[in-house]
Amino acid sequence: MLFCSGLSFCGEGLGTQLERALSVFDDDSDTEKEECRAKNARNNSSISIKEEDQSREDNNVRMIRNNEDRTADVEVDEKLYSRQLYVMGHDAHRKLMSSNVLVIGLSGLGVEIAKNCILAGVSEITLCDPIPPTWYDLGANFYLEDWDVGLKSRAMICCPKLADLNKNVKVTVAKVTSLHKDAELLPLVNGKRCVVVTVPLPNEILYAINNECRKVGACFIYTIATGVFGKVFCDFGSEFIVNDKDGENPATSQVETILPLNPASVKVLEDEGRHGLETGDYVSFSRVHGLDGALDDDTKQYEVKVTGPYTFELVGCDLSGCIEPATQGYITQVKRPTTISFRTLFEAEEDPGEIVPTDFAKMDRPQLLHLGYKALMEFASRNNGNFPAPGNREDVKEVWSIAHWMDGNGILSAAGSDEKRIIMQLASGSRAVLSPMCATLGGIVGQEVLKACSGKFMPIRGFLYFDADECLPLNLLPEDDVEARECRYDSQIACFGEEAQGAICNLNYFLVGAGAIGCEMLKNWAMMGVGCGRRGVIHVTDMDRIEKSNLSRQFLFRNSDINAFKSSTAANAAKRMNPDINIVSYQEKVAPETEIIFGDNFYEKLNGICTALDNIDARLYMDSKCLTYNLPMLESGTLGTKGNTQVVVPQLTENYGATRDPPEKSIPMCTLKNFPNQIQHTLQWARDYFEGVFKQSAEDVNSYVKNPEAFLDNLKGQQNTKLDTVKNIHRMLVEEKLKTFEDCVKWARFKFEDLFVNQIEQLLHNFPEDQITSTGAKFWSGSRRCPCTINFDPHSSCPDAELRNHLAFIISASNLIAKVYGIEGRTDEDYFLLVLKMIEVPDFVPKQGLHIQADESDTNAQSGTEDSHDVEFDKYVNSLPLPSSESVPLLHPVEFDKDYDDHMHFVTACSNLRALNYNIPTEDLHRSRAIAGKIIPAIATTTALVTGLICLELYKLVGTAQRTLEIESYKNGFVNLAISFMTMSEPTPPAKTVTTYNGSEHKISAWDKIDLHIGDVTLRKFIKHFKTELQLDVNAVSCETKTLFNKYHPLYNENKHPERMKMRITDIISEVTKKDFPPNKDFLLLEVNADDYTSQEEVELPTIRLFL
């Protein structure tokens, strides 16, 4: 007997199975029975069915291909999708724009998936759910309100609100009367690229939808969230093409040598890193010097056999006939499509095979949950489609009994074990729809939909199970504690009880950042009820304003919100989702200068801090506050399809700043100035040039004009930069003083000649192409690429990015310098071509004796003596115009903004021209923006996932009834949706140091402090207290980075400052910092260095907290 939820048996046709299933789920529906019989009759006509299926499949494929053809040339809105395009790429995004998606079920999980797909920009999404909302739905569906319960369908309610997320996506509602009628559901599959079922349906309905997807070439996904448990299943067909299996940028390296052998042997430049290839990979070459031009075709692909971290062979490539080896060139990995196959849901249910793990501490959990969900569905089939009531012991025991009955693989051990607890918890909370779980699974499944539509990244092949059972009590709560109250928190009450829900509502949390993660967090918190109690409140701060590029992932914002503050807009949106939420918004950054707002009184009232930040410095600052006030911290971040979460628990885990990533490697200055070999080098050089010419020089001019004496006095003390600074001021006020836009065009043309012709001629004058070093090696070899000048041609375009860089440089540079001088610009090409014809460019003669730095070890780049610099400095100062003159107006500095096309047109053109100087592959505007702007790729799916994981940790921080959580109960997470990888791990405990003071041994960590309640005493009394109470002899006292006392240092000891011994600590701080002591400080954090009074050995002390 083949068991499938107790409904299907060997020998029965699909129609019979459907009829029996529907009779169980809706015994009173004669119409449904008739439809089942009609379906059974159709199934018996096998020949006509096959012909009909083939016709339907052909039509669906034709529809999908027609959509793709129509969208192939559609322009992508790079402003809206800019951050997502750095994840998906233009080609994959165009495929999204041609894809239609069907979502069946609009409870919390369904609306989350639909939201993510709409933000991503699919062509059309059809919502299918005729069921009215229940109170359980309000726990996760952020578009439902109290008065929606029991009224019109979830799909109808959510449709207009989902459509408002992205006007480029068509959102419709399918006209169906029931989710249990395959005759209504199956026709909806036609024309869809992906079908997602997000609510529990009878297996036979699921199998029928899955089979229909197979017939018409659509991808099928089934996912449900039940309490803190969830599952995902994917079937993308027998032959699904994956165009990019991991989402990583292609590996790139530079040629050191390619030996003319059979097969050809390649060695890459070691100082540029390992090649990062594997045997079987394919590569292409460009700009190769040597080998008689054998590798000039940059479209040809070569298979790789790796022979070492810096070497590989080209399989089947015979270059033994070439005379000379190659000595330079670029290598790029070529990603090739992969075809993979899936099994149907029917096949995988009985033999799930290898299930994607999500927690390596729970390696046996996926198989257990697979069995548990089968038992749960069997219970539903016996109980008119209903899951167990929360806390109902009889229902839960029945599910456990069914699991035992279905356990043919010996998964369950003896009763009372952990397996029984998991099955019973799964059953007890199965009606609950929790926002964090929906966010987690919605992020995973949302990305699977994008994979189905685009062929980008590796899908889940079969099942994925996820759970957060650590949130739950060890034993089932009493039924009256978890029964429904007919309120929006019924789902959470079903899992955690009424007391825990009260604690959640009365939380006082500080959310730092209201961007993508911040928006998702507020949505989850509104659904959970965080800050909705009488004593609860959420504080959210973000100093940024909303931009168009935010709209594709920061889903609380709309077009009408552009330029509004993120924090207040997000707070208002959260208030609309849950009117009971108490939320206060700020537009302040978190930093020492805002501690008058966020001071002791503020932090002491908090239950915790959640960071939603995009920079390390702010995270470290908040980490210091968590250490100071003993607060938990919820931290998360994303990078494209990758995401990480970290929960910080006082005394239990290490703090955020305990471990840090190494600093980013900087580009040597001589490489930037003279020897670039990568597009990253030329883009950094172009951006530096932008900042220097259009911003810094203009600011220096303004500083001089406003207060020349003070500015020049300050400048004289900057020996290394003063001459260059005064030269730039003289250049802008005297030599290049521009009055008309024609002057600006002429200025831009001369700059082109100086940057891309004259400076290159000077470099080649100093280092000719045939230059030999002192060791006998060629100077222009390895990473040094011999440059060449560029002849100006306004009609020229580069072959790589197909950009007219010459003319683009002139137009963008002219308009930028015009803005600096307050001159009206223009962009009509004919005008520029006309003016350029009239400009005569003087010939350049290389300077003799000019020193150019050859490498970082060359310290003789500055010529001349200090005295000669001073003389030249004075000469330029004396020739500057007097600021009092009306002819010296203030300039208008231009600050670089990566999202301004005018700025990026200049940086891209400038970078590409320099790349052409050095024969480096150029880049288009989109890619240049990412590199120069250091843009972090982002997509809504990853953001939703990490916030879901973080909110699950918040449940644990609130507290779990009947359970004391140890460190292994908390989870840090790392995910990579591109490869369907997810792992949860135990946090690291804090590092402890053993020290002895006051006669006893102490184990201290960064969380520990010595609290002193002695008030704002004098320094003398402070030191005396350590001697008398702790038997410690104080050597030094500091506050933050300021030294208050050091008995061994002549500048800080008692002899130097005897008056300080009589001063209060706060007065000393005011004297040292030259600032008034803030009035809202309740205590000071002091670092004290001391010796044991008896042994005179140094004692390591924790931070001292002195209460004032």
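Numbers for the structure displayed
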{"quantity": "When the stretch 992-1107 is reduced to its Cα atoms, the Kirkwood hydrodynamic radius in Å", "calculated": "14.7 Å"}
{"quantity": "Paramagnetic label zone (point 7 Å from Cα along Cα-to-C-beta, Asn630; backbone N under 14 Å) in the stretch 988-1031", "calculated": "1005-1013"}
{"quantity": "Cα-Cα over 19 Å, subset of Lys335/Lys456; Lys231/Lys956; Lys605/Lys971", "calculated": "Lys231/Lys956; Lys605/Lys971"}
{"quantity": "Gyration tensor (alpha-carbon) shape descriptor, the stretch 252-334, a/c threshold 1.5", "calculated": "rounded"}
{"quantity": "The chain: angle of helix 435-454 to the longest principal axis, Cα-based, in degrees nearest 10", "calculated": "80 degrees"}
{"quantity": "Value of relative contact order over the stretch 104-231, rounded to a whole percent, pairs C-alpha under 8 Å and six or more apart", "calculated": "26 percent"}
{"quantity": "Label point at Asp164 placed 7 Å out along Cα→Cβ; residues across the stretch 122-145 whose backbone nitrogen lies under 12 Å", "calculated": "143-144"}
{"quantity": "3J(HN,Hα) from dihedral phi, the stretch 95-106, Karplus parametrisation 6.51/-1.76/1.60, rounded to Hz, x for glycine, proline", "calculated": "5, 4, 5, 9, 9, 10, 10, 10, 10, 9, x, 10"}
{"quantity": "Estimated inter-spin distance, Arg1105 and Ala991, nm [label 7 Å along Cα→Cβ]", "calculated": "2.3 nm"}
{"quantity": "Vicinal HN-Hα couplings computed from phi for the stretch 900-911 (Karplus, 6.51 cos²θ - 1.76 cosθ + 1.60; Hz; Gly/Pro x)", "calculated": "8, 4, 4, 6, 6, 4, 5, 4, 5, 5, 4, 5"}
{"quantity": "13 Å reach of a label modelled at Lys739, 7 Å along Cα-to-Cβ, counting backbone N of the stretch 793-823", "calculated": "none"}
{"quantity": "Net dipole in debye of the stretch 252-334 [+1 Lys, Arg Cβ; -1 Asp, Glu Cβ; about Cα centre; nearest 20]", "calculated": "80 debye"}
{"quantity": "Degrees separating the helix 679-690 axis from the principal Cα axis of the chain, which is the longest one", "calculated": "60 degrees"}
{"quantity": "Glu769 accessible area, assembled protein chains, probe 1.4 Å, Å²", "calculated": "140 Å²"}
{"quantity": "Angle between the chain longest axis and helix 203-216 axis [Cα atoms, degrees, rounded to 10]", "calculated": "50 degrees"}
{"quantity": "Gyration tensor verdict on the chain (Cα atoms; rounded if a/c is under 1.5, prolate if a/b is larger than b/c, oblate otherwise)", "calculated": "oblate"}
{"quantity": "Whole-number percent relative contact order across the stretch 769-811, with pairs defined as alpha carbons under 8 Å at least 6 apart", "calculated": "22 percent"}
{"quantity": "Projected label distance in nm at His795 and Ile772, using a 7 Å step from Cα toward the beta-carbon", "calculated": "4.5 nm"}
{"quantity": "The stretch 274-347 and the stretch 757-817: distance between their alpha carbon centers, rounded to Å", "calculated": "28 Å"}
{"quantity": "Förster radius 30 Å - calculated FRET efficiency between His1013 and Leu965 (Cβ-Cβ, nearest 0.05)", "calculated": "0.45"}
{"quantity": "Cα-projected label distance for Lys1074 with Glu354, points at 7 Å along beta-carbon direction, nm", "calculated": "6.6 nm"}
{"quantity": "Prolate/oblate/rounded call for the stretch 545-594, Cα gyration tensor, a/c under 1.5 rounded", "calculated": "oblate"}
{"quantity": "Long-range amide H partners of Leu1044 with built H, under 5 Å", "calculated": "Val1037, Ser1038, Cys1039"}
{"quantity": "Area accessible to solvent at Lys362, 1.4 Å probe radius, in Å²", "calculated": "30 Å²"}
{"quantity": "Area accessible to solvent at Val306, 1.4 Å probe radius, in Å²", "calculated": "50 Å²"}
{"quantity": "For the chain, accessible area per residue (1.4 Å probe, heavy atoms of protein chains only), Å²", "calculated": "43 Å²"}
{"quantity": "Apportionment of accessible area to carbon and sulfur, the chain, percent (1.4 Å)", "calculated": "48 percent"}
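The values are calculated or read from the model by the stated rules, or taken from the named source; none is laboratory data. Keep in mind the model is a prediction, meaning the values are calculated, not measured. For neighbour counting, all protein chains shown are included, and Cβ atoms are generated from backbone atoms with ideal geometry for every residue, glycine included. Accessible surface is based on the protein model in full, side chains and every heavy atom, while ligands, DNA and RNA are left aside. Shrake-Rupley method; radii C 1.70, N 1.55, O 1.52, S 1.80 Å.
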